[in-house]
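The values are calculated or read from the model by the stated rules, or taken from the named source; none is laboratory data. Everything quoted here is computed from the prediction, not taken from an experiment. Methodologically, a virtual Cβ is constructed for each residue, glycine included, from the backbone with ideal geometry; neighbour enumeration extends over all protein chains shown. Remember, those area values only see protein heavy atoms, side chains included, never the ligands or the DNA or RNA. Shrake-Rupley method; radii C 1.70, N 1.55, O 1.52, S 1.80 Å.
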Amino acid sequence: MTTKNSQQIVASVPQKGFFGHPKGLFTLFFTEFWERFSYYGMRAILIYYMYYAVSKGGLGFDETTARSIMAVYGSLVYMSGIIGGWIADRLFGTRKTVFYGGIFIMVGHIALAFPGGVTALFLSMGLIVIGTGLLKPNVSNIVGDIYSKDDNRRDSGFSIFYMGINLGALISPFIVGTLGQKYNFHLGFGVAGVGMLLGLIIFLATRKKNLGLAGSYVPNPLSSEEKKKVFLTIGLSALGIVVLGAILISAGILTINRFTMTVSILGIVIPIIYFTVMFRSKKTTADERSNLTAYIPLFIAAMMFWAIQEQGAVILAEYADKRTQLQLGGLKLEASWFQSLNPLFIVILAPIFAGLWVKLGNRQPSTPRKFSLGLLLAGLSFLIMIIPAYTGGPDVLVSPIWLVLSFLIVVLGELCLSPVGLSATTKLAPAAFSAQTMSLWFLSNSSAQAINAQVVKLYKPETEIVYFGVIGGIAILLGILLFVVSPMIQRYMRGIR
Ligand code: GLU
Ligand code: ASP
């Protein structure tokens, strides 16, 4: 986008009206709030839906498969952001792309609102993978568009937006989770779909008034010739994938395990291709190449961090269901409620962390050091789970306090790494690739979950000590290593903080 365009866009957005922020932030906040409500509500019950026996309303998968699917699904949801970014950039602009994404997501949840067995499950996943790829990176990108480059409300705008994400994630396990676990899974999924519908209504009703021109430009449009080709290719490939998939599945060649393995490999190959292309591009300057070199260890650290954080909805979710004391006096806890702990701690602690960084000013840790803190804390959140395994053993139900502690510790790490990570990505990615920085950042999460798809298969209550110990230990070792090489990374960052 040219500077002139971006100035025109900012001028078209009412600059006040939402806590002293541009009115557009209201629209984006609530769209993402409801989208995350639907996503995290669905995730809070999905693993149970998959492994609960058919007599209990589930699909009766074995636990190992259910875990692996959770991870693959999480990976694809963020991997598809690459395509979503490209579509916005070249075809529809961010605003339309967000809208189309919301529709896919809503229909995806509705697909699970009716008892449709495994077919409905995979159909829903496919729709939500596409929909989230279209919506998530683009809605975040529009946040950047409604502020001028030198507006000092920009960072706090992103923090408010981040609160919206976590508020949505906080309330939905109580609503979708309770309905799904106490009454009927399909009711839960249906309510997740209603959440996305509310998000779409707010988006449609307020976008003209609040967003002005933001997101309405196609930054790098395809010519109509190219468009025809692209539509043809998309159509043919979609058809090809469906036909090929159907043949491979019915011939017994494409099994869940093989599919999972393919995604795991993609999770490693895609970032390598991404970085190689950026490195070799003629548009990347020497300084930018140095910045990219600094970014690689940060990307790997982020992967390790998300690998642990995202297991909260997989391994720790299963732990909540099977290994945790849920009857507390007269109160019966639902296992899905534990999914609210992460966003709850984020909402409480994010302002404290933001204040802390401001207070520390120049004395605050550098970006690589913050990443290393994030890793150390993520590692610790797993190591702490060794204690109940050691004192209780695999057959005893343990106090819920262990999960609370584990989620609290990982959040302390998340607050050192996640908000800083996105901003580091925008600063360190080469300018020619800046439109893709959101996708690049989400790729760290995607790749982490792609690898998790194999790792989570190794969990067993009997070998919990080794499982939590090895993964937590690797994160801590990487954290220490990152701490040591931080000054070197800082040099490669060439003045960027
Ligand atoms: N919890 C974050 C969200 O849903 C995770 C995404 C990420 O930054 O990888 O927005
Ligand atoms: N903390 C996550 C994110 O920032 C939300 C979650 O894991 O529930 O959106």
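Numbers for the structure displayed
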{"read-out": "Residues that are over 14 Å from residue 43 (Cα atoms), more than 14 Å from ligand 1 (Cβ to nearest atom) and of a type in the set (Phe, Trp, Tyr), drawn from segment 160-200", "value": "183"}
{"read-out": "Options 355, 329, 312: the member that is within 15 Å of ligand 1 (Cβ to nearest atom) and out of contact with any Cys (no Cβ under 7 Å at 6 or more places or on another chain)", "value": "312"}
{"read-out": "Tally, over segment 414-472, of residues that are within 30 Å of residue 396 (Cα to Cα) and of a type in the set (Ser, Thr, Tyr)", "value": "3"}
{"read-out": "Scope segment 310-344; condition open to solvent by 30 Å² or more (accessible area, probe 1.4 Å) and over 17 Å from residue 46 (Cβ atoms); matching residues", "value": "325, 327, 328, 329, 330, 331, 332, 344"}
{"read-out": "Residue under evaluation residue 497, criteria (1) touching a Lys or Arg at 6+ places or on another chain (Cβ under 9 Å); (2) assigned to a helix (DSSP H, G or I); (3) not polar (S, T, N, Q), criterion not met", "value": "(2)"}
{"read-out": "Pairs with Cβ under 7 Å, 6+ apart, first in segment 434-455 and closer than 14 Å to residue 305 by Cβ and within 11 Å of ligand 1 (Cβ to nearest atom), second at pLDDT 95 or above and polar (S, T, N, Q)", "value": "446/75; 449/75"}
{"read-out": "Residue ranges of helices (runs of 4 or more DSSP H) in segment 1-107 with at least 1 members under 29 Å from residue 319 (Cβ atoms), touching an Asp or Glu at 6+ places or on another chain (Cβ under 7 Å) and open to solvent by 10 Å² or more (accessible area, probe 1.4 Å)", "value": "24-51, 63-79"}
{"read-out": "Residues being crowded, with 17+ Cβ neighbours inside 10 Å and hydroxyl-bearing (Ser, Thr, Tyr) - total across segment 345-391", "value": "3"}
